[in-house]
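Read the structure below first, then the notes.
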Amino acid sequence: MTPAELSAVTPGRDLRVPFGIALAALACVAPLFLGNYPLHAIIIALIFLLPAHGLNLLLGYTGLLSLAQAAFFGIGAYTSALLAVHFGTPFYVNFLAAGLMAGAIALPLGIPALRLRATSFVMCTLGFVIIGQAIAKNWIGLTRGDMGLAAIPKPYFALGPASFTVSGTIGFYYLVLSIAAIATLVAYLIVRSPAGQNMIAIRENETLAESVGIPTWHYKLVVFMISAAFAGLGGSLYAHYLTVVSPLTFQMYYSTTMLIIVLGGGAGTVSGVIFGSLVFVGLTEALRVAPELRMIAYGLFLLGLVFWFPSGFAPLIGRFWSLLETRR
């Protein structure tokens, strides 16, 4: 057998795992090479990765376009901030409470909203954002209105004699990196599970999925709640990082940012959302050095994306993974 024939039948070495390990190692040592501002940009990107994962489960895998992520993001931020400011609870309590509160509020909102179809559902979720911002502005006794909640403590962990507070950009970077990694793993396990396959079936053909026994409405409601919980967890990190929240936390800009991350990175792919978060959020933060050109440059970048990568970066990422998988 010639060397060429032997090469044809010899399986290629899968380099995806080594590449992933190398990326993880690079992320761990990034503070050694990056200054505070690049780390800040990455932190913001990783914070927005959580609600983007939630939106990807809803839009990319279940086929439901929702603009309500900013509402649940704000609910999580205010929940975490109120607990920390008024009760002095540890960060992990605030963090979990933020996700649970957002998911719980999504239940009564989702029951009527998911009876709607297509455009009507999208408009309904937009209404959630507007209502959330109005409540944050006008429930002054709880939220302090436009003044917002300030002096939110940095993440505090009450672990007996080992209690500590995460302070500084580097400390918060490692905290957010750890949480983002766990959230990514959870999202991956969901989409790879039988439930994830049912979600894809609903996205592709809801009527057919229902005809084979998949409880489509219940699936959509559960995914809507999980998506909201992801957004609430992101809001908690946001509040403890910036140490201030206001009604602006509910602004539509955040919903559109999450939507751009998912669609630009590649809806229906976990790796695409990670890539989209780092590119789009990181880009907007990096462009703050030129505020007069920031939005123009960002808009031109999005226009180029639409024309050259109409399906987002997912096909490009897929070809790259295939190259790693089959490289000899």
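Descriptive notes on the structure:
- Taken together, the residues in the stretch 22-58 that are over 16 Å from residue 288 (Cβ atoms), touching a Ser or Thr at 6+ places or on another chain (Cβ under 7 Å) and open to solvent by 30 Å² or more (accessible area, probe 1.4 Å) amount to 0.
- The lone exception for residue 116 - which of (1) open to solvent by less than 50 Å² (accessible area, probe 1.4 Å); (2) over 20 Å from residue 180 (Cβ atoms) it fails: (1)
- Pick from the stretch 187-203, criterion over 24 Å from residue 232 (Cα atoms) and free of Cβ contacts under 8 Å to residues at least 12 places away in the same chain, ranking: surrounded by the most Cβ atoms within 10 Å (Cβ to Cβ): 197
- Considering 169, 207, 184, 143, the condition of being over 22 Å from the mean Cα position of the chain (by Cα) and either open to solvent by less than 40 Å² (accessible area, probe 1.4 Å) or of a type in the set (A, V, I, L, M, F, W, C) (or both) is satisfied by 143 alone.
- Residue in the stretch 81-100 that is small (Gly, Ala, Ser), modelled with pLDDT of 95 or more, more than 17 Å from residue 244 (Cβ to Cβ) and surrounded by 24 or more Cβ atoms within 10 Å (Cβ to Cβ) present: yes
- For the stretch 182-202, filtering for residues that are of a type in the set (Gly, Ala, Ser) and within 15 Å of residue 222 (Cα to Cα) leaves 4.
- Those residues of the stretch 277-323 which are open to solvent by 90 Å² or more (accessible area, probe 1.4 Å), outside any loop (DSSP other than H, G, I, E, B) and more than 21 Å from residue 43 (Cβ to Cβ), in sequence order: 292, 293, 295, 296, 300, 303, 306, 307, 308, 319, 323
- Any hit, the stretch 222-235, residues being out of contact with any His (no Cβ under 6 Å at 6 or more places or on another chain), modelled with pLDDT of 85 or more and exposed (fewer than 15 other Cβ atoms within 10 Å of the Cβ): no
- Hits in the stretch 264-276 - residues which are open to solvent by 40 Å² or more (accessible area, probe 1.4 Å), in contact with a Gly (Cβ under 6 Å, 6 or more places away or on another chain) and touching a residue at least 60 places away in the same chain (Cβ under 8 Å): 267
- Filter pass, residue 322 being more than 22 Å from residue 59 (Cα to Cα) and in contact with a strand residue (DSSP E or B) (Cβ under 9 Å, 6 or more places away or on another chain): no
The values are calculated or read from the model by the stated rules, or taken from the named source; none is laboratory data. Keep in mind that this is a model prediction, so the values were computed, not measured. Cβ atoms come from the backbone with ideal geometry, glycine included; neighbour counts cover every protein chain shown. Just the protein is used for accessible areas: all its heavy atoms, side chains included, with ligands, DNA and RNA removed. Shrake-Rupley method; radii C 1.70, N 1.55, O 1.52, S 1.80 Å.
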